[in-house]
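First up is the structure itself, then whatever we jot down about it.
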Ligand SMILES: *Cc1c(COP(=O)(O)O)cnc(C)c1O
Ligand SMILES: [Zn+2]
């Protein structure tokens, strides 16, 4: 309702907001949604939030949907921020450690946030068929939200995607194709066939609205920390939509006068078997070349080439953050460690943040008594093959 236009994250070309858009028509990079934040802040106040529903649509003024009837929702967002003292006690320095538990979202991952926003917008703009490549959880979320919106769904997933993701998509009515390859290969199939088939491409950051849903994690963190931000955020990074979204949310909140300019140090966590962002960060590159022979059991991290790479790298650097790769062995061990200590059965992607935090402590990148947030992005129960 307060959207003014879409802006290319790379060349800043303006695009119209009330029509279907994928990538920048000039340079082929992602488009970001821009709002009239003065108008938004007139009704979206810290005070107004006190009586709003505990889901991400509480931030409606900074979300893209024009007509509330088009909102497709299962009650996603406003997930718990859990203080995890028992895990913290195992660390060599004293920290205030929190896990933002995204596994309680509909379809058991934070992909629900992005798809709620993106499918709502697809509905608003009259889309009848959507398609996406997915490493797993994005497909599950898209299938569910599109079914609820009455939109037909075509999904392309690597054939070794966790079984739970494949089955949930089939059971929620999607057309599922398993591909002998990686998510990038799946993405190529969507790109080749979408025009002939009449599909709208819902790939991460190839449409502007999934990032808007995921940015609400940033609004929630600020709200849950009483309008301050934590010192460090560890984020398991695949396509990077959530990290990009949160960074954008921080800018928007600052523009609305809700927070000051102090930002968390943003940390991308990846697997050693697929670490394009980690490599590019430490090589000092602005873009991340495709990672060869990508492999990891943390399927959400198996993204060898991210189209928003330059936005992720920029946020890591501007925030004085870093990027850390951990082994599959360590991230799987961390699932049980967190589970046994805190009772949370994390997705392997989320659990990867714990060994990454230990690396940060070893390298003196975290200080005593800082507030550190780990994102548990999904539910371990979807990855039974891993255990
Ligand atoms: C998709 C996914 C990720 C990566 O998220 P991005 O925002 O694409 O970087 C991490 N964890 C889980 C469980 C996922 O499904
Ligand atoms: Zn551009």
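Quick look at the values:
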read-out: Pairs where the first residue, in the stretch 331-348, is farther than 19 Å from residue 80 by Cα and the second is more than 16 Å from ligand 1 (Cβ to nearest atom) and in a loop (DSSP other than H, G, I, E, B), C-beta under 9 Å, 6+ apart; value: 337/90
read-out: Residue in the stretch 210-225 that is in contact with a helix residue (DSSP H, G or I) (Cβ under 7 Å, 6 or more places away or on another chain), within 16 Å of ligand 2 (Cβ to nearest atom), touching a residue at least 60 places away in the same chain (Cβ under 8 Å) and under 19 Å from residue 114 (Cα atoms) present; value: yes
read-out: Residues of the stretch 288-308 that turn out to be closer than 24 Å to residue 9 by Cα and within 19 Å of the chain's Cα centre (by Cα), as a count; value: 10
read-out: Checklist (1) assigned to a loop (DSSP other than H, G, I, E, B); (2) without any contact (Cβ under 8 Å) to a residue 60 or more places away in the chain; (3) within 25 Å of residue 34 (Cα to Cα); (4) in contact with a strand residue (DSSP E or B) (Cβ under 8 Å, 6 or more places away or on another chain) applied to residue 296, failing item; value: (3)
read-out: Residues being within 16 Å of ligand 2 (Cβ to nearest atom) and crowded, with 24+ Cβ neighbours inside 10 Å - total across the stretch 268-307; value: 0
read-out: Residue within the stretch 364-374 that is part of a helix (DSSP H, G or I) and surrounded by 24 or more Cβ atoms within 10 Å (Cβ to Cβ) present; value: no
read-out: Sole residue being crowded, with 24+ Cβ neighbours inside 10 Å, touching a residue at least 60 places away in the same chain (Cβ under 8 Å) and within 16 Å of ligand 1 (Cβ to nearest atom), chosen from 164, 141, 131, 118; value: 118
read-out: Residue, nearest to ligand 2 (Cβ to nearest atom), within the stretch 1-10, restricted to residues that are in a loop (DSSP other than H, G, I, E, B) and modelled with pLDDT of 95 or more; value: 10
read-out: Residue within the stretch 345-355 that is in a strand (DSSP E or B), touching a strand residue (DSSP E or B) at 6+ places or on another chain (Cβ under 8 Å) and within 14 Å of ligand 1 (Cβ to nearest atom) present; value: yes
read-out: In the stretch 11-50, the residues that are closer than 20 Å to residue 250 by Cβ, assigned to a loop (DSSP other than H, G, I, E, B), away from ligand 1 (no atom under 16 Å from the Cβ) and touching a residue at least 24 places away in the same chain (Cβ under 8 Å); value: 36, 44, 46
read-out: Test: residue in the stretch 279-289 that is at pLDDT 95 or above, part of a strand (DSSP E or B) and either closer than 23 Å to residue 111 by Cβ or out of contact with any helix residue (DSSP H, G or I) (no Cβ under 6 Å at 6 or more places or on another chain) (or both); value: no
read-out: Residue match in the stretch 45-62 (condition: in contact with a strand residue (DSSP E or B) (Cβ under 9 Å, 6 or more places away or on another chain) and either at pLDDT 95 or above or over 16 Å from residue 122 (Cα atoms) (or both)); value: yes
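So that you can scan it fast, the table gives a plain yes or no per residue for (1) within 16 Å of ligand 1 (Cβ to nearest atom); (2) within 20 Å of residue 317 (Cβ to Cβ):
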{"position": "237", "(1), (2)": "yes, yes"}
{"position": "246", "(1), (2)": "yes, yes"}
{"position": "289", "(1), (2)": "no, yes"}
{"position": "299", "(1), (2)": "yes, no"}
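The values are calculated or read from the model by the stated rules, or taken from the named source; none is laboratory data. These numbers were taken from a predicted model, which means no experiment stands behind them. Don't worry about glycine lacking a Cβ; one is built from the backbone with ideal geometry, like all the others, and counts go over all protein chains shown.
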